[in-house]
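Data block below; observations after.
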Amino acid sequence: MQKLYVLVRTDLKGSSPAVQAGHAVAQWMLEHPSNDWMNQTLVYLNIGAADALHKWKSKIHYKDMDYSTFTEPDLNDETTAIACLTDKKLFNGLPLL
């Protein structure tokens, strides 16, 4: 079964990481309207700061996996979260949000 993994920056203040994760899920749904996720398992992962998120984005892109990124307009369009649908164990070891 595929899960929607959301890698979220946790260097943001307060409840922002949870909000950014929600935006990434919404972005995924907009970009992948006919997908296999069907609102099943959703996993939010703590990725740390922006540099770690960019490294993961490169790794996901290199592996040719479907993903969506969310960039926050209120933070100068910085990428704050990535959503990726997979059944692979790529994200094992990352802490939960």
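Quick look at the numbers
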{"read-out": "Residue in the range 45-59 that is of a type in the set (Phe, Trp, Tyr), open to solvent by 70 Å² or more (accessible area, probe 1.4 Å) and farther than 12 Å from LYS3 by Cα present", "value": "no"}
{"read-out": "Every pair of residues 6+ apart whose Cβ atoms lie under 8 Å, when the first sits in the range 13-24 and is of a type in the set (Gly, Ala, Ser) while the second is open to solvent by 40 Å² or more (accessible area, probe 1.4 Å) and not in a helix (DSSP H, G or I)", "value": "ALA18/TYR44; ALA18/LEU97; ALA21/TYR44; ALA21/LEU97"}
{"read-out": "Residues of the range 1-23 classified as touching a Ser or Thr at 6+ places or on another chain (Cβ under 6 Å) and part of a helix (DSSP H, G or I), total", "value": "2"}
{"read-out": "Residues of the range 1-30 classified as closer than 16 Å to ASP66 by Cβ, open to solvent by 30 Å² or more (accessible area, probe 1.4 Å), modelled with pLDDT of 95 or more and not aliphatic (A, V, I, L, M), total", "value": "1"}
{"read-out": "Residues of the range 24-69 classified as outside any helix (DSSP H, G or I) and of a type in the set (Lys, Arg), total", "value": "1"}
{"read-out": "Enumeration of residues in the range 37-81 that are out of contact with any Cys (no Cβ under 9 Å at 6 or more places or on another chain), under 11 Å from ALA24 (Cβ atoms) and among the small types (Gly, Ala, Ser)", "value": "ALA81"}
{"read-out": "Positions within the range 62-97 being loosely packed, with under 11 Cβ neighbours inside 10 Å and at negative phi, in sequence order", "value": "TYR62, PRO73, ASP74, ASP87, LYS89, ASN92, PRO95, LEU96"}
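The values are calculated or read from the model by the stated rules, or taken from the named source; none is laboratory data. Just so it is clear, the structure is predicted and the values come from calculations on it, not from any experiment. Reconstructed Cβ throughout: ideal geometry from the backbone, glycine too, with neighbour counts over all protein chains shown. Each accessible area value is taken on the protein alone, full model and side chains, heavy atoms only, with ligands, DNA and RNA left out. Shrake-Rupley method; radii C 1.70, N 1.55, O 1.52, S 1.80 Å.
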